[in-house]
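To start, the structure under review is shown below, and the notes come after it.
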Amino acid sequence: MSATMTAGALQPTMSRFAREVNTVVAVAARDITVTLKSPGALVMSLVMPLMMMGMIGGNLLDNMAGGLGFELGEFMLVGMLVMMLFMMTTMGMVSLVDDSDDNYSAELLVSPVSRYAIVIGKILGSSFTAILCCVGVLVVGLAMGITLSPWSLLLLLALAPLMCLSGGALAMIVMGVIKNNKAANLAVMLITMPQMFLSGVIIPIAHSTGILFLLSRMLPMTYCVDLGRAVVYAGSPEYDSVVLFNPVVSLLAIAGLTAVCLVVGTVLYARSEKNR
């Protein structure tokens, strides 16, 4: 009797869990399908790495690569890979504005599923373009003679979901406040592009002081980039020169900032849709 009652109690829980997982997969699959059917998104996934890594990175390699104590090319490649995961996921979340205009969001929010399942599915779908951009970064890096070991790439790939979730969670706060496509795109650019320079993606920030120091420590991308470099440079002589924080500190900072942004952003987004 006891075993039967326990099984009966577990069945609704498992059913709810399966429904949430199905929601995440369905929302993510829809976004991936939309991306694959959008030539512009696919072209952008190649153009962005060419602009960022090829032009900006190439100029820095030619003009300030000496006297750093570490290889600037590898330093930038890791930073660019993490930035693309973070930034492109953040930019992909702007499609929530279009979903809102088409009433797709409203239909999802009235369904008997968790708001967080919908948001996480959206983030996973948006991260697809980010992964494509990372492939573009690796291709551009290879053309510039900059490569990473297969093991380092596998470690970064293992961290990719966390990086994408962090970027998507930050974007949710913007999506919960702004409902205009142009304004949302501008706002996302304003919160992502400065992080490219302040979080140490391509320029070392170990000696930043004053307001630049404070800003860099407040940005989630700083900890994402530093954690990425920690796993790539682990055991190398350059580790102390390129890694700012203990990996545990970076991991906790990412988890904390992501949780706060995800909760606040999801609440704001659900409330804004309810008030439409």
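Within segment 128-138, identify whether any single residue is over 23 Å from Val34 (Cα atoms) and of a type outside the set (Gly, Ala, Ser), and answer yes or no. Yes - at least one qualifying residue is present in segment 128-138.
Scanning segment 245-265 for any residue that is more than 30 Å from Leu96 (Cβ to Cβ) and surrounded by 18 or more Cβ atoms within 10 Å (Cβ to Cβ) turns up nothing. Pairs are defined by a Cβ separation below 6 Å, a sequence spacing of at least 6 or placement on different chains, a first member in segment 20-42 that is in contact (Cβ under 8 Å) with a residue 24 or more places away in the chain and surrounded by 13 or more Cβ atoms within 10 Å (Cβ to Cβ), and a second member that is assigned to a helix (DSSP H, G or I) and of a type in the set (Lys, Arg); the pairs so defined are Val27/Lys122. When you go through (1) surrounded by fewer than 24 Cβ atoms within 10 Å (Cβ to Cβ); (2) closer than 19 Å to Glu74 by Cα one by one for Leu124, which number turns out not to apply? Of (1) surrounded by fewer than 24 Cβ atoms within 10 Å (Cβ to Cβ); (2) closer than 19 Å to Glu74 by Cα, only one is false for Leu124: (2). In segment 221-276, of all residues being part of a helix (DSSP H, G or I) and of a type in the set (Asp, Glu), the one that is modelled with the highest pLDDT corresponds to Asp226.
Among the residues of segment 52-77, which ones are modelled with pLDDT under 75 and surrounded by 13 or more Cβ atoms within 10 Å (Cβ to Cβ)? If you could, list the steps in order and put the result at the bottom.
Just the residues of segment 52-77 that are modelled with pLDDT under 75, to begin with: 52-69.
If the condition is that a residue be modelled with pLDDT under 75 and surrounded by 13 or more Cβ atoms within 10 Å (Cβ to Cβ), then Met52, Met53, Gly54, Ile56, Gly57, Gly58, Leu60, Leu61, Ala65, Leu68 are the ones that fit.
Yes or no: Ile191 at pLDDT below 90, under 14 Å from the mean Cα position of the chain (by Cα), crowded, with 16+ Cβ neighbours inside 10 Å and not charged (D, E, K, R)?
Values: at pLDDT below 90: yes; under 14 Å from the mean Cα position of the chain (by Cα): yes; crowded, with 16+ Cβ neighbours inside 10 Å: yes; not charged (D, E, K, R): yes.
For Ile191, the condition - at pLDDT below 90, under 14 Å from the mean Cα position of the chain (by Cα), crowded, with 16+ Cβ neighbours inside 10 Å and not charged (D, E, K, R) - is met.
Please verify whether segment 194-208 includes one or more residues that are more than 24 Å from Ile173 (Cα to Cα) and assigned to a helix (DSSP H, G or I). No: segment 194-208 contains no residue that is more than 24 Å from Ile173 (Cα to Cα) and assigned to a helix (DSSP H, G or I). On the given criteria, is Leu186 over 25 Å from Pro161 (Cβ atoms), surrounded by fewer than 21 Cβ atoms within 10 Å (Cβ to Cβ) and in contact with a Leu (Cβ under 6 Å, 6 or more places away or on another chain)? It is false that Leu186 is over 25 Å from Pro161 (Cβ atoms), surrounded by fewer than 21 Cβ atoms within 10 Å (Cβ to Cβ) and in contact with a Leu (Cβ under 6 Å, 6 or more places away or on another chain).
Residues in segment 168-195 that are over 17 Å from Val97 (Cβ atoms) and out of contact with any helix residue (DSSP H, G or I) (no Cβ under 6 Å at 6 or more places or on another chain): Met193, Pro194. The residue that is surrounded by the fewest Cβ atoms within 10 Å (Cβ to Cβ), counting only those in segment 211-232 that are β-branched (Val, Ile, Thr) and more than 13 Å from the chain's Cα centre (by Cα), is Ile211. Evaluating Ile203 against the criteria (1) modelled with pLDDT of 85 or more; (2) over 17 Å from the mean Cα position of the chain (by Cα); (3) surrounded by 13 or more Cβ atoms within 10 Å (Cβ to Cβ); (4) not acidic (Asp, Glu) leaves one unmet condition, (1).
The values are calculated or read from the model by the stated rules, or taken from the named source; none is laboratory data. All values reported here derive from a predicted model rather than from experimental measurement. Using ideal geometry, Cβ is built from the backbone for each residue, glycine included, and neighbour counts are taken over all protein chains shown.
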